[in-house]
1. Using 0.36 nm times the number of residues separating A:ASN64 and A:GLU229, minus their current alpha carbon distance, what extension gain do you get?
2. Before we go on, tell me the buried accessible area for the A/B pair, both chains summed, 1.4 Å probe, in Å² to the nearest 100.
3. Averaged over peptide B:178-191, how many Cβ atoms belonging to another chain are found within 10 Å of each residue's Cβ?
4. For A:ARG160, list long-range residues whose amide hydrogen, built 1.01 Å from N in the peptide plane, is under 5 Å from its own amide hydrogen.
5. What are the residues whose amide H is under 5 Å from the amide H of A:LYS220, where those residues sit 5 or more places off or on another chain and H is modelled from the backbone?
6. As I understand it, the dipole of region B:72-286 uses +1 on the Cβ of Lys and Arg and -1 on the Cβ of Asp and Glu, about the Cα centre. Which of B:VAL160, B:GLY177, B:VAL240 lies farthest toward its positive end?
7. Can you compute the charge dipole magnitude of chain A about its Cα centre, using +1 on each Lys and Arg Cβ and -1 on each Asp and Glu Cβ, nothing else charged? Give it in debye, rounded to the nearest 20.
8. B:GLY101: net charge of surrounding residues, Cβ under 9 Å, Lys/Arg +1, Asp/Glu -1, itself excluded?
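The values are calculated or read from the model by the stated rules, or taken from the named source; none is laboratory data. Model, not experiment: these values are computed from the prediction. Here Cβ is always computed from backbone atoms with ideal geometry, including for glycine, and neighbour counts include all displayed protein chains. Side chains included, ligands, DNA and RNA excluded: accessible areas come from the protein's heavy atoms. Shrake-Rupley method; radii C 1.70, N 1.55, O 1.52, S 1.80 Å.
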Amino acid sequence: MTLLTVDDLVVEHRTPGRPAVRAVAGAGLTVSSGEVVGLVGESGCGKSTLARAVCGLVPATSGNITFQGGPVRPLGLRRRHRSLLGIQMVFQDPYSSLNPRRKIGAQIADGLAVAGDTTTTPADLLERVGLPRGFEGRHPHEFSGGQRQRIAIARALAARPALLIGDEPISALDASAQAKVATLMRELAVSSGAGLLFISHDLSVVRIIADRIAVMYLGKIVETGPTAEVWANPRHPYTKALLGAIPAADGAGHLPAELAGDVPDPADPPGGCRFHPRCPVAMDVCRAKEPDFTPVACWLHEPA
Amino acid sequence: MSRLSRRRRRLPEAWRRPLAVVGGVIALTWLIVAVAAPLLAPYDPLAQELPRLAPPGPDHWFGTDQLGRDIFSRVLYGARVSIPLTLLLVVLSVLIGGLLGACAGYFGRWVDETVMRFADLVFAFPTVILAMVVAAALGASLTNAVLAVLVVAWPSYARVTRGLVMGMREREFVLSGRLLGFSAWRSLRLDVLPNVTGPILVLATLDIGTALLLLSGLSFLGLGAKPPSPEWGAMVSSGVEVFDSWWVATFPGLAILTVVLAFNFLGDTLRDALDPRTARAIKVRAL
């Protein structure tokens, strides 16, 4: 069952006196119940903005976001609409994702209150994310970054979300904690039947936990497909470049191939295919027309 | 190493500096005086039965005024008038200014515009003049003087709180709370306000001196406490009439000076203690 549908989403950041920045420029995406979708891309490609739009934290300029059949309305000053409480998010920075002045038990209890759950206690949730039961009376400063991220996951899960979003939840953690926290998120989301949209720039982690991968470049999804398929047979030149940039621990001493150039300014994207200035196989058509099709937005893979 | 860590546990570095200790001792002394004035004062502060304008001596440490009242007793009783009113004043300014500023910063738009334009309006006038105008318009009484100072004191809290709240409302834990269905009010109360209290507390402590000065100033100008009341500003004012008897104005003036200084020292200390950067600078200098 499709849980979340993002269709042709555009999000612009407007600053007076400057050209509008199209952080998300017509992206489409779906997440089903029990499915883990990994959204990958370089910094500044609009992944986080997409996630925030799905939560209603930034308003969509155009396009549709549908969650469980209803539209996602942006969060204003009113309370979040009941129908949207099923979308919960784990943020990037573990040092600012918990209120430093409140006990973690109370913060997890906020999540339980959303679900109307009176039988589960914060201690149960701490246990589920792999922390000792007795910690609920402590304050966030007593925990490490990885532990804090587990607490943030516990709080989000306490609300029994149908869709959990992780906005680079592991990028601020050290390498030993990254894989653990990521697999924990997957296990907990899948076992509760929720969908998980996992945003990361770390392909090797996404490969472990995601069922499906969506590759984002400069505000657009350029390739989607089952993880194994994309991994084994990347089709978009950008996906190939991303995969090629992963260092191989084979002892051969080869440095990974680097993609030339930088991400262009989203306020002034290149005409035609957004990737053509950096693309090793760019053709004339790439400079002229934007490839607007799925699952691979590349003229080399134009559907018949 | 162990000696150092034991020392650190006792009192933070900033609180062990001489100025902090002096400020703390003076402020504490005045608080005790305010509470225990009836026990400490040798004479009735209002009784006009002593020789007039007696200079300071063993019987009357601070002398007597032109109506034959013991100035030492009056200064002690004055602490009961000025200090509680000043503290009340600052607390009310923090509450009113803080709440308005928090709403302005959190809700933005027209709330922000309305509150901050009123604040700007107050800032546009010289503080003392505006307080005088308000006090004069309300009528001369101590309550009205407090109200007048309140009118000029709240905007600085509103401004500071607004800025802090605006910085805090985009923090991820505040957003998380909103995603969990917190109303704006609950978010403000649970997530935002508890995390901005530090700087506001410093401002409030630094402001106690200013508020006392302003309140005494209004009384000095005849816009505050009425004559028999042993209010320090009013006492200085009556001392000006008998300039040759220097003690009549000097001692209540010294009382104002010491309280203002003490709370300024405490405010500085609190600021240094709460700001890790200055705290570290002090430590480096102390070593």
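1. 56.6 nm
2. 2000
3. Per-residue shielding by partner chains comes out at 6.
4. It is none; the list stays empty.
5. Those lying under 5 Å, H to H, from A:LYS220 are A:ALA25.
6. So the residue furthest toward the plus end is B:GLY177.
7. I would put it at about 1040 debye.
8. Spelling it out: positives minus negatives among the neighbours equals +2.
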